[in-house]
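K.L.:
Okay, here's the structure, questions in a sec.
The values are calculated or read from the model by the stated rules, or taken from the named source; none is laboratory data. Please read these numbers as outputs of a predicted model, since none were measured by experiment. All Cβ positions, glycine included, derive from the backbone under ideal geometry; neighbour counts span all protein chains shown. What goes into the accessible areas is simple: the full protein's heavy atoms, side chains included, and nothing from ligands, DNA or RNA. Shrake-Rupley method; radii C 1.70, N 1.55, O 1.52, S 1.80 Å.
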Amino acid sequence: MLFPSLYNLHMDGLLADGLTIIASGRSQMERAAFQDQVRASLAEYLAQDRFDSTVADAFLARIEYCAIDAKAATGYDDLAALLGARMERPIGVYLSTPPSMFGPIARGLNDAGIACAECRIAMEKPIGHDLASSRQVNADVGSAFAEDRIFRIDHYLGKETVQNLLALRFANMLFEPLWNAQAIDHVQITVAETVGLEGRVSYYDGVGALRDMVQNHMLQLLAIIAMEPPASVSSTAVRDEKVKLLRSLRKLTEADVRTHSVKGQYAAGAVGGEAVAGYADELGDASNTETFVALKAYIDNWRWKGVPFYLRTGKRMPRRKSEVLIQFKPVPHNIFARVGAPKLDANLMVINLQPEENIRVRVMAKQPGLDREGVKLRDVNLDVSLSHSFAGERRRIAYERLLLDFIEGDQTLFVRRDEVEAQWEWIDAIRDAWAAVDMTPQSYTAGSWGPSSSIALIERDGASWDD
Ligand code: BG6
């Protein structure tokens, strides 16, 4: 993701001429050997129409290499020496390491004088594994870099479709007056993946879907869907509203965690017509890690009083899809009840984020006819296909946007410290409640929509998941 994204920015002339990229890793390596690795990755991962050998040569010429062993805290002086006079210019340090290394690396950079007031640092999620550890990471990194120099990445915020949620809500008059408990019955957010462990055993096992997906991506989606209108799209205005929302999430307790949450783990099955192994088989061991989670959440504020937000995410689902569904309430009085249409379907809006990008609004319409045997009403869809409307525009990798914002110093699409901590606070309460009632994951067949209790979680309230 990272080098192809930087390459794309380079190809589009968005990187300044003097910008150099210094890659670091534990291995001692010659610059040319590292450049060869990058070239091979570009050829493999870039879209075919983007890879151009001459452009790649010019891009690779920007790249240098310096070995750093972050655990042993060696190599920082070599990096400082390599930077040389460039230390006078702004530096962006991008960490794609385990979170336990964020603090030590920030310290190492600081000690070597690479944390100047003009330097920024970017970190990939996860920021810690619970509230306490995330506070520690934030404090450690914060001792070397000021908050306005720290860029916490949640790659969902780099997705065009996620940014479009802001446009949908705040660039249109149509929806916002109805965006509240008076008009909305419930909201569903689904992030379904078809992939399984993908060889990430050492990271994923013991982490699970709640911490891997809900703590960050899903809560960011929820915050954008449910927050109050910010006064502008400035980083402070947007993040102030998101954090307010995250802090309004009602904590799950031991008393309600069994009815408001479901944990699942996939067993052998088939996805896309191909047989796949179960999680424990892939892992080579029995495990209590959940690969699926469904939650019923409430937001305790004026706007959302009593409106359930159903969240679910899982691996080895039948299809890859991320969507937000807004279920509106029925009309207060059905004037067609006595003339042939006793039941009206309530309006519904489905916002597909990936892989398709479209928005569908279900409205009731009259079936054409003379109505001699009663009025016939039927639901029809107003479809807005964004892929169609913006056909021909290249969809950028989320990291392209995030890296460019990072280079330019715009924090709007990065997660602030108080947001991460509010996210963890809510997640920790769920994990504590799970531990208190000893909740273990229920098995679901790979290629299904999760354990049957996930269906029960929503159907108990008279609603159904949009599968
Ligand atoms: C990552 C998770 O943050 O997001 C992965 O660690 C997950 O487990 C991925 O597969 C999903 O991202 P996307 O962009 O494919 O929806």
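K.L.:
Among the numbered criteria (1) within 16 Å of the ligand (Cβ to nearest atom); (2) of a type in the set (Asp, Glu); (3) more than 30 Å from residue 454 (Cα to Cα), which single criterion is violated by residue 205?
P.N.:
All conditions pass for residue 205, except number (3).
K.L.:
Could you list, in sequence order, the residues of the stretch 190-202 that are free of Cβ contacts under 8 Å to residues at least 24 places away in the same chain and near the ligand (Cβ under 9 Å from one of its atoms)?
P.N.:
Selection gives 198, 200.
K.L.:
May I pose another question? Is it fair to say residue 275 is among the hydrophobic types (A, V, I, L, M, F, W, C), open to solvent by less than 60 Å² (accessible area, probe 1.4 Å) and more than 16 Å from the ligand (Cβ to nearest atom)?
P.N.:
Answer is no for this residue.
K.L.:
Of the numbered conditions (1) buried (at least 18 other Cβ atoms within 10 Å of the Cβ); (2) more than 15 Å from the ligand (Cβ to nearest atom); (3) of a type in the set (Val, Ile, Thr), residue 233 satisfies every one except a single condition; which is it?
P.N.:
Here residue 233 clears every test but (1).
K.L.:
Here is a follow-up. Could you list, in sequence order, all residues of the stretch 148-162 that are more than 10 Å from the ligand (Cβ to nearest atom), charged (D, E, K, R) and surrounded by 23 or more Cβ atoms within 10 Å (Cβ to Cβ)?
P.N.:
Within the stretch 148-162, just 152 meets the criteria.
K.L.:
Here is a further query. When only residues in the stretch 319-336 that are within 16 Å of the ligand (Cβ to nearest atom) and outside any strand (DSSP E or B) count, which is farthest from the chain's Cα centre (by Cα)?
P.N.:
Filtering the stretch 319-336 for residues that are within 16 Å of the ligand (Cβ to nearest atom) and outside any strand (DSSP E or B), the one farthest from the chain's Cα centre (by Cα) comes out as 319.
K.L.:
Something else now. What are the residues in the stretch 60-91 that are open to solvent by 70 Å² or more (accessible area, probe 1.4 Å) and in contact (Cβ under 8 Å) with a residue 24 or more places away in the chain, if any?
P.N.:
Those that are open to solvent by 70 Å² or more (accessible area, probe 1.4 Å) and in contact (Cβ under 8 Å) with a residue 24 or more places away in the chain: 71, 77, 89, 90.
K.L.:
In the stretch 30-51, how many residues are surrounded by 16 or more Cβ atoms within 10 Å (Cβ to Cβ) and either touching a Ser or Thr at 6+ places or on another chain (Cβ under 8 Å) or among the hydrophobic types (A, V, I, L, M, F, W, C) (or both)?
P.N.:
The qualifying residues number 5.
K.L.:
Check the stretch 412-433 and report whether any residue there is within 16 Å of the ligand (Cβ to nearest atom) and among the hydroxyl-bearing types (Ser, Thr, Tyr).
P.N.:
Taking every residue of the stretch 412-433 in turn, none turns out to be within 16 Å of the ligand (Cβ to nearest atom) and among the hydroxyl-bearing types (Ser, Thr, Tyr).
K.L.:
Look through the stretch 381-438, keep the residues that are part of a helix (DSSP H, G or I) and of a type in the set (S, T, N, Q), and return whichever of them is nearest to the chain's Cα centre (by Cα). Reasoning before the result, please.
P.N.:
Narrowing the stretch 381-438 to residues part of a helix (DSSP H, G or I): 386-389, 398-408, 417-436.
Among the residues that remain, those that are also of a type in the set (S, T, N, Q) are: 387, 389, 423.
Values: 387: 20, 389: 24, 423: 13 Å.
Filtering the stretch 381-438 for residues that are part of a helix (DSSP H, G or I) and of a type in the set (S, T, N, Q), the one nearest to the chain's Cα centre (by Cα) comes out as 423.
K.L.:
Could you list, ordered by first residue, the pairs with Cβ atoms under 8 Å in which the first is in the stretch 382-399 and open to solvent by less than 100 Å² (accessible area, probe 1.4 Å) and at pLDDT 85 or above and the second is among the hydroxyl-bearing types (Ser, Thr, Tyr) and not in a loop (DSSP other than H, G, I, E, B), at least 6 apart or interchain?
P.N.:
So the pair list comes out as 397/5; 398/156; 399/5.
K.L.:
While we're looking at this one, here's another question. Note down all Cβ pairs under 7 Å where the first residue falls in the stretch 295-322 and is in contact (Cβ under 8 Å) with a residue 24 or more places away in the chain, the second is more than 16 Å from the ligand (Cβ to nearest atom) and among the β-branched types (Val, Ile, Thr), and they're at least six residues apart or on different chains.
P.N.:
Cβ pairs passing all conditions: 307/184; 307/187; 309/187; 309/299; 310/458.
K.L.:
Of all residues in the stretch 242-255, which are open to solvent by 30 Å² or more (accessible area, probe 1.4 Å) and part of a helix (DSSP H, G or I)?
P.N.:
244, 247
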